[in-house]
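Participant: Dropping a structure here in structure tokens format, bear with me for questions.
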Amino acid sequence: MTRRITVLGATGSIGQNTIDLIRRAPQDYDVVALTGAGNIAQLARDAIDLRADVAVTAQDDRLDDLRTALAGSGVEAAAGAQAICDAASRPADWTMSAIVGAAGLAPGLAALAHSTTLALANKESLVCAGQLMLNTARAHGTQILPVDSEHSAIFQSLIGEDIAAVERIIITASGGAFREWPLEKLSEATLGQASSHPNWDMGQRITIDSASMFNKAMEIIETHEFFDVSPDQIEVLVHPQSMIHALVGFNDGALMAHVGPPDMRHAIGFALHYPERRHLPVERLDLAAIGQFEFRAPDAARWPALRLARDTMAAGGMMGAVFNAAKETALDGFIAGQLRFTQMSDVVADTLDHMNASDGHIGATMTLDNVMQVDHLAREAAKAAIHKRAG
Ligand code: NAD
Ligand code: MG
């Protein structure tokens, strides 16, 4: 029996890894929709090759280009943010949510209402609107499977276990590009240096977020939202080899570790085949050759993002949407050369303070409209904080 599959963010790093797995057994899948943004040639090539019903670009002004690239193929073309939500609303058995940023929230919610399973790589949607995502899934009986490597590892370690017996969850962090840098040099880190990851091959934004630890900060919140464990049960451990992805500690003292090569096709493939396990084309680790695993505690001075995540969870309400929007805006500022690497956390801290102090937005009901309103206000506040620093 074929399964109807949609890939949101098909042209990105996670999207391409997903397509790689689909391509290995195309007869098993009936591709409904693929979405992308600026990379029209790739989007069209994959949509034709996989015989998708529709291909959608996020960019309104690229519709003609997409139409031209798809001409004669029988694949429908569409463009714009609404068209992505419409594509996510076409019935599917399995949808991969792999758009980067808060732009993935509305399509993710649409998919939760129309897909049997949502494979969730877009951690931003859980950070921005965890309760809304989980409630929507519950209302439609939709299964969410985490695709972030740490969260897939936690999920796998919890199979057959009772969450009430969990004492703590440890997520590992490679430490990113600047793990070994002298602290005083960090403020001089360039975009090029921040954009290369020692272990993982990922999109540029998440790679920079790994260097700043904002990625891990997001993942602490993601763990709190998805597994419903309290913030003080979640620990971060620096593990430069990126082979242990997470550990779950139980009330009898046992620690279950998930070990595997740093290859996202494991977590994607696990979510694609769950509850079965199937052969996946990832490296098999030779532990004797590796010899030892290395661990250390995260350095709070090097990575202030970790504390900001804790502040965000303590504030609760829609502060997650503020945190994410501030982080995205600060990252834009760093990429554009308006901020130094170390100033990104200052901008996020300022934005959290500003939004915390400014009336009832944070405590409003969590609807998509309210989240997007908070997202907008937080981006404005973050831009003002960037401006203050640049000027
Ligand atoms: P990427 O930048 O490589 O790809 C992003 C995708 O989103 C592309 O298809 C792009 O066209 C699309 N996109 C960008 N802006 C958009 C917009 N405004 N509207 C609609 N689509 C848009 O990113 P990635 O590394 O594949 O990451 C995707 C998501 O998965 C992120 O949430 C990231 O945090 C998460 N994730 C990635 C990895 C990884 O290994 N790359 C690991 C864990 C989690
Ligand atoms: Mg991760």
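The values are calculated or read from the model by the stated rules, or taken from the named source; none is laboratory data. A quick note: this is a predicted structure, and the numbers were derived from the prediction, not measured. No Cβ is skipped: glycine too gets one built from the backbone with ideal geometry, and neighbour counts run over all protein chains shown. In case anyone asks, the SASA skips ligands and DNA or RNA and just uses the protein heavy atoms, side chains included. Shrake-Rupley method; radii C 1.70, N 1.55, O 1.52, S 1.80 Å.
Participant: Could you check how much of the accessible area of the chain is carbon and sulfur, as a whole percent, using a 1.4 Å probe?
Facilitator: 50 percent
Participant: Here is a further query. Where a Cα-Cα gap under 16 Å defines reach, which lysines qualify for Lys383, not counting those fewer than 8 residues away within the same chain?
Facilitator: By straight Cα distance, Lys383 reaches Lys327.
Participant: Less than 16 Å apart at the alpha-carbon level, and either on another chain or at least 8 residues along: which aspartates and glutamates does that give for Lys123?
Facilitator: The qualifying aspartates and glutamates are Asp148, Glu150, Asp209, Glu219, Glu222, Glu225, Asp228, Glu328, Asp375.
Participant: In addition: Across segment 330-345, in residue order, what do the Karplus-derived ³J(HN,Hα) couplings come to in whole Hz, using 6.51 cos²θ - 1.76 cosθ + 1.60 with θ = phi - 60° and x for Gly and Pro?
Facilitator: Ordered by residue, 3J(HN,Hα) equals 5, 5, 4, x, 5, 4, 7, x, 8, 10, 6, 3, 6, 7, 4, 5 Hz.
Participant: I would also like to ask the following. Where the centre of each part is set by its Cα atoms, how far does segment 113-186 sit from segment 17-37, in angstrom?
Facilitator: 23 Å
Participant: Something else about it: If you build a Gaussian network model of the chain, linking Cα atoms that sit under 10 Å apart, which residue out of Thr223, Thr136, Thr95 swings the most?
Facilitator: Highest fluctuation among the options: Thr136.
Participant: With a 10 Å cut-off between alpha carbons and a GNM built on the chain, which of Asp286, Asp299, Asp263 moves the most?
Facilitator: Per the Cα network of the chain with a 10 Å cutoff, Asp286 tops the list.
Participant: If you don't mind, there's one more thing I want to ask. With θ taken as phi - 60° and the coefficients 6.51, -1.76 and 1.60, list the Karplus ³J(HN,Hα) couplings across segment 212-218 in order, rounded to whole Hz; mark glycine and proline as x.
Facilitator: 8, 6, 5, 4, 5, 4, 4
Participant: Next question. Using +1 on the beta carbon of Lys and Arg, -1 on that of Asp and Glu, and nothing else charged, what's the dipole of segment 15-143 about the Cα centre, debye to 20? Show your work: numbers first, answer last.
Facilitator: Working: 9 positive and 14 negative charges, 61 e Å.
The calculated dipole for segment 15-143 is roughly 300 debye.
Participant: Show me the ranking of peptides 28-35, 137-144 by mean Cβ neighbours inside 10 Å, starting with the highest.
Facilitator: Highest mean packing first, the order is 28-35, 137-144.
Participant: Which percentage, to the nearest 5, of the DSSP beta bridges contained in the chain is antiparallel?
Facilitator: In the chain, approximately 25 percent of DSSP beta bridges are antiparallel ones.
Participant: Report ³J(HN,Hα) in whole Hz for each residue of segment 83-91, in order, from the Karplus equation J = 6.51 cos²θ - 1.76 cosθ + 1.60 where θ = phi - 60°; Gly and Pro get x.
Facilitator: For segment 83-91, the Karplus-derived couplings read 5, 5, 5, 4, 5, 5, 8, 6, x Hz, x marking Gly and Pro.
Participant: Keeping all protein chains in place, calculate the accessible area per residue for segment 1-67 (probe 1.4 angstrom), answer in Å².
Facilitator: Per residue, segment 1-67 has an accessible area of 45 Å².
Participant: Based on alpha-carbon atoms only, what is the radius of gyration of the chain relative to the globular estimate 2.2 N^0.38 Å? Show your work: numbers first, answer last.
Facilitator: On the way: Rg = 20.4 Å, N = 391, 2.2 N^0.38 = 21.3 Å.
The chain yields a ratio of 0.96.
Participant: Have a look at His258, His114, His273 and tell me which one the Gaussian network model of the chain (Cα, springs below 10 Å) gives the largest fluctuation.
Facilitator: Of the options given, His273 has the highest mean-square fluctuation.
Participant: Return one whole number: the accessible area per residue of segment 122-269 in Å², for a 1.4 Å probe.
Facilitator: Working: 5250 Å² over 148 residues.
For segment 122-269, the per-residue accessible area is 35 Å².
Participant: May I pose another question? What is the magnitude of the charge dipole of segment 255-348 about its Cα centre, with +1 placed on the Cβ of each Lys and Arg, -1 on the Cβ of each Asp and Glu, and no other charges, expressed in debye to the nearest 20?
Facilitator: Its charge dipole is roughly 100 debye.
Participant: Moving on to the next point. Helix-only estimate, please: 222 nm mean residue ellipticity of the chain, summing -39500 (n - 2.57) across DSSP H runs of length 4 or more and dividing by its residues, to the nearest 500.
Facilitator: That calculation yields -14000 deg cm²/dmol at 222 nm.
Participant: Order the peptides 163-173, 241-251 from the highest to the lowest mean number of other Cβ atoms within 10 Å of their residues.
Facilitator: The most tightly packed comes first, giving 241-251, 163-173.
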